[in-house]
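A quick write-up on the structure given underneath.
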Amino acid sequence: MPKHIGIVACSAEGAALCYRTVCVEGAQLFGPLAHPEISLHGHSFAAYMRCIDSGDWPGVAELMLSSANRLARSGADFLICPDNTLHQALPWVLRRSPLPWLHIAEVVAAEAASRGFHRLALTGTRYLVDSEVYPEKLGARGLAWLRPSSAERAEINRIIFEELIAGIFRPEAVATFQRIIAGMKDAGCDAVILGCTEIPLIMDDGNSPLPTLDSTRLLARAALQRAGEPVGARSGS
């Protein structure tokens, strides 16, 4: 039997895309209409944002651990979080987690390395882009990265919080991402990390100036691979 996947959710759009990807693409590994058992738990997005806005990452960790414990009781074998920004709290989470985790930035870094990319453009919330979540994992694989300018980070952050998490997808937002990604391509980047789980709702290889690394779907696919491994094959993150 495949392992039971637990999803620690934050924003609705990102969690829904991750859940849907597991369900739809599970058939490729487990047969027609099949996918692993999945449980999802999420606290109010507002509760997370109160902690994030105040820089209270231990507080974010407490919310994540609350979900982790609920998912463990539901029978989950391992956990994923389809929210890049929340991974800043993972060091506090792992110390007390009842279950192993897949780390979204590790999954993306592994994919970038396997595809032969060398310098990655990083997009996401300002909290994520300002952090070391991706630089730490990319650097461990010898990969370089580039952050957008401060003004570009602010505009990406606005689009995420005012539009994408609310399911609002505008052509103007696509054009903004295209302009920013094109600028980082000119600066030497050979791929772009879609480091907010909602960005893949408007950007993909079809409209991006650079090849995309879709963090949401890559995490879901990594979870499917982990779910199909024999019990005890890995201890997890």
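Assess whether residue 112 counts as being touching a residue at least 24 places away in the same chain (Cβ under 8 Å) and surrounded by fewer than 20 Cβ atoms within 10 Å (Cβ to Cβ). Judged against the criteria, residue 112 is not a match.
Of all residues in region 154-177, those that are farther than 12 Å from residue 199 by Cα have Cβ atoms under 9 Å from Cβ atoms of residues that are hydroxyl-bearing (Ser, Thr, Tyr) and part of a helix (DSSP H, G or I), 6 or more apart or on another chain, in 155/176.
Table: residues versus (1) open to solvent by less than 10 Å² (accessible area, probe 1.4 Å); (2) hydrophobic (A, V, I, L, M, F, W, C); (3) in a helix (DSSP H, G or I).
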{"site": "51", "(1), (2), (3)": "no, yes, yes"}
{"site": "62", "(1), (2), (3)": "no, no, yes"}
{"site": "71", "(1), (2), (3)": "yes, yes, yes"}
{"site": "75", "(1), (2), (3)": "no, no, no"}
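Table: residues versus (1) open to solvent by 30 Å² or more (accessible area, probe 1.4 Å); (2) of a type in the set (A, V, I, L, M).
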| site | (1), (2) |
| --- | --- |
| 117 | no, no |
| 125 | no, no |
| 134 | no, no |
| 145 | yes, no |
| 152 | yes, no |
| 162 | yes, no |
| 173 | no, yes |
| 178 | yes, no |
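Residues that are among the polar types (S, T, N, Q) and under 19 Å from the mean Cα position of the chain (by Cα) within region 66-80 comprise just one, 67. Which condition does residue 197 not pass, out of (1) of a type in the set (Ser, Thr, Tyr); (2) farther than 20 Å from residue 17 by Cβ; (3) surrounded by 13 or more Cβ atoms within 10 Å (Cβ to Cβ), if it passes all the others? It fails just one condition, (2).
The values are calculated or read from the model by the stated rules, or taken from the named source; none is laboratory data. Note that the coordinates shown come from a computational prediction; the quantities given were computed from them, not determined experimentally. Cβ coordinates were reconstructed from backbone atoms using ideal geometry, including for glycine residues, and neighbour counts include every protein chain displayed. Protein only, heavy atoms only, side chains kept; ligands, DNA and RNA dropped before computing areas. Shrake-Rupley method; radii C 1.70, N 1.55, O 1.52, S 1.80 Å.
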